[in-house]
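S.K.: Okay, here's the structure, questions in a sec.
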Amino acid sequence: MDAPAVDIDRRGRASSSGGDGVARVRPRAGRRTLRAAANVALATGLLALLWALIVWQWNDPISSLYTRWEQHRLAQVLEQQQALMPSAAAAGATAARSGPDLAGIARAAAAFRRRAHQGDPIGWISIPRIGVHVIGVNGTDSETLRKGPGRYLGSFMPGEGRLVYIAGHRTTYLAPFARIDELGNGDRVTIATPYATFVYSVGGHRVVAANDLSVLASGGREELVLQACHPRFFATHRYLVFATLVAVDPRR
C-alpha cells in the first residue's frame, strides 16, 4: 500500500493526500473561501435592500426617466388629437341648463375607441388624493404600461356607459398607482378625454388573485376600475378600486 503523500504549506503545516493522489482541501483555505462567499452574499443583500427602500420611497428613478419622456411626447399627441377632434359640446351638446348630451358623448366615445391604436394617449387621469396627474394610454401590454396607466382593450372608453378598466404600475415607470390602497370612499378620479371630461367617485376596493378574470366583465353600466399589482414588488394578486360616474362635462 502506498503511503499518503504529505504537502507542506507556507506556514510549515502538513496536509496529506490520499493514496489515490487526490489532494485534500486544507481547512483554513476552505474557511477563507466560505468567508469570502458570505461577505459577497451580505453585500449583495444589503445593496438589494437599499434599492428596495429607494424604490419604495421614491419609486424606480431609472424607469421613471423613460416614462417622463414618454409622457411629454404623449402630451403633444393629445393636444393634436384635441385640435383635430371637435368636442361633444361643439358636436351637439345641449344647453348647460339641460345637461350634456350623453347620447352624443357616447357616440363620440365609441368612435374614439375604434380609432385609437395601442399605445395612443386617451386623456389625462387626475386623482388628487394620491397626487396623480398623468396621461392614460390605450392598452395594457408591458410596453404600453411603461408610458402610463393603460386602458384594458376589452373594456370601454369613458362615456360609453360600460366598464372602464385601467391598470398601472405600482413600483416602476413613475409608479402612478403606488398609493392606490390609500383611496377611500368619495375620493374623486377625473379623466379628461379629447371629447369630454368625466368625474368618478370611489366606492370601494377589492383584492383578487392575479388570474381572476371575472372583474373584467362589464355590468352594463358605467363603472371605473383601477388596478395595480398587490402587494407591492409582487404580482400574486391585484388591488382593485371601484368608482362610479358622478359628473360629465362636455368640455375637454
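Table: residues versus (1) among the small types (Gly, Ala, Ser); (2) touching a Phe, Trp or Tyr at 6+ places or on another chain (Cβ under 7 Å); (3) not assigned by TED's automatic domain parsing to the domain that holds residue 217.
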position: 128; (1), (2), (3): no, no, no
position: 136; (1), (2), (3): yes, no, no
position: 139; (1), (2), (3): yes, no, no
position: 155; (1), (2), (3): yes, yes, no
position: 165; (1), (2), (3): no, yes, no
position: 171; (1), (2), (3): no, yes, no
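S.K.: From the residues in segment 199-232 that are under 17 Å from residue 149 (Cα atoms) and in contact with a helix residue (DSSP H, G or I) (Cβ under 9 Å, 6 or more places away or on another chain), which one is surrounded by the most Cβ atoms within 10 Å (Cβ to Cβ)?
M.R.: Filtering first and then ranking leaves 226.
S.K.: Related question: In this structure, is residue 148 assigned to a loop (DSSP other than H, G, I, E, B) and either in contact (Cβ under 8 Å) with a residue 40 or more places away in the chain or of a type in the set (Phe, Trp, Tyr) (or both)? It would help to see each step written out before you state the result.
M.R.: Working: assigned to a loop (DSSP other than H, G, I, E, B): yes; either in contact (Cβ under 8 Å) with a residue 40 or more places away in the chain or of a type in the set (Phe, Trp, Tyr) (or both): yes.
Considered against the rule, which asks whether it is assigned to a loop (DSSP other than H, G, I, E, B) and either in contact (Cβ under 8 Å) with a residue 40 or more places away in the chain or of a type in the set (Phe, Trp, Tyr) (or both), residue 148 comes out as yes.
S.K.: Residue 175 - would you say it is surrounded by 20 or more Cβ atoms within 10 Å (Cβ to Cβ), at positive phi and in the same structural domain as residue 115 (by TED's automatic domain parsing)?
M.R.: Values: surrounded by 20 or more Cβ atoms within 10 Å (Cβ to Cβ): yes; at positive phi: yes; in the same structural domain as residue 115 (by TED's automatic domain parsing): yes.
Taking the combined requirement at face value, the residue satisfies it.
S.K.: Moving on. Give the residue that is farthest from residue 170 (Cα to Cα), with candidates limited to residues of segment 46-85 that are modelled with pLDDT under 65 and among the aromatic types (Phe, Trp, Tyr). Before you say what the answer is, go through the steps one by one.
M.R.: Our first condition is that a residue be modelled with pLDDT under 65; within segment 46-85, this holds for 46-59.
Then drop every residue that is not among the aromatic types (Phe, Trp, Tyr), which leaves 51, 56, 58.
On the way: 51: 15, 56: 9, 58: 11 Å.
Residue satisfying both the conditions and the ranking: 51.
S.K.: Further, regarding this structure: Considering only segment 156-216, give the strands (runs of 3 or more DSSP E) lying wholly within it that have at least 1 residues that are among the aromatic types (Phe, Trp, Tyr). Before you say what the answer is, go through the steps one by one.
M.R.: Numbers: elements: 163-167, 188-192, 197-209.
Filter on segment 156-216 gives 163-167, 197-209.
S.K.: Starting from segment 210-225, keep only residues that are free of Cβ contacts under 8 Å to residues at least 40 places away in the same chain and within 12 Å of residue 156 (Cβ to Cβ), then list their pairs with residues that are assigned to a loop (DSSP other than H, G, I, E, B) and among the acidic types (Asp, Glu) whose Cβ atoms are within a distance under 7 Å, requiring at least 6 positions of separation or different chains.
M.R.: Once the first residue is free of Cβ contacts under 8 Å to residues at least 40 places away in the same chain and within 12 Å of residue 156 (Cβ to Cβ) and sits in segment 210-225, no partner that is assigned to a loop (DSSP other than H, G, I, E, B) and among the acidic types (Asp, Glu) comes close enough.
S.K.: Here's a follow-up. Pull up segment 179-191, narrow it to residues that are within 24 Å of residue 72 (Cα to Cα) and touching a helix residue (DSSP H, G or I) at 6+ places or on another chain (Cβ under 8 Å), then point me to the one that is surrounded by the most Cβ atoms within 10 Å (Cβ to Cβ).
M.R.: Keep residues of segment 179-191 that are within 24 Å of residue 72 (Cα to Cα), which gives 179-180, 189-191.
Narrowing further to those that are touching a helix residue (DSSP H, G or I) at 6+ places or on another chain (Cβ under 8 Å): 179-180.
On the way: 179: 15, 180: 24.
Looking at the filtered set, the residue picked out is 180.
S.K.: Residues of segment 133-145 being more than 17 Å from residue 76 (Cα to Cα) and either without any contact (Cβ under 8 Å) to a residue 12 or more places away in the chain or buried (at least 22 other Cβ atoms within 10 Å of the Cβ) (or both), which ones?
M.R.: The answer is 142, and nothing else.
S.K.: Does residue 170 satisfy the criteria of being surrounded by fewer than 18 Cβ atoms within 10 Å (Cβ to Cβ) and touching a residue at least 60 places away in the same chain (Cβ under 8 Å)? So that I can check it myself, show each step before the final result.
M.R.: On the way: surrounded by fewer than 18 Cβ atoms within 10 Å (Cβ to Cβ): no; touching a residue at least 60 places away in the same chain (Cβ under 8 Å): yes.
No.
S.K.: Please go through segment 107-132 and give me each residue that is buried (at least 20 other Cβ atoms within 10 Å of the Cβ) and either at pLDDT below 95 or assigned to a helix (DSSP H, G or I) (or both), ordered by number.
M.R.: Result: 108, 109, 112.
The values are calculated or read from the model by the stated rules, or taken from the named source; none is laboratory data. A quick note: this is a predicted structure, and the numbers were derived from the prediction, not measured. Positions of Cβ are backbone-derived with ideal geometry, glycine not excepted, and every protein chain shown enters the neighbour counts.
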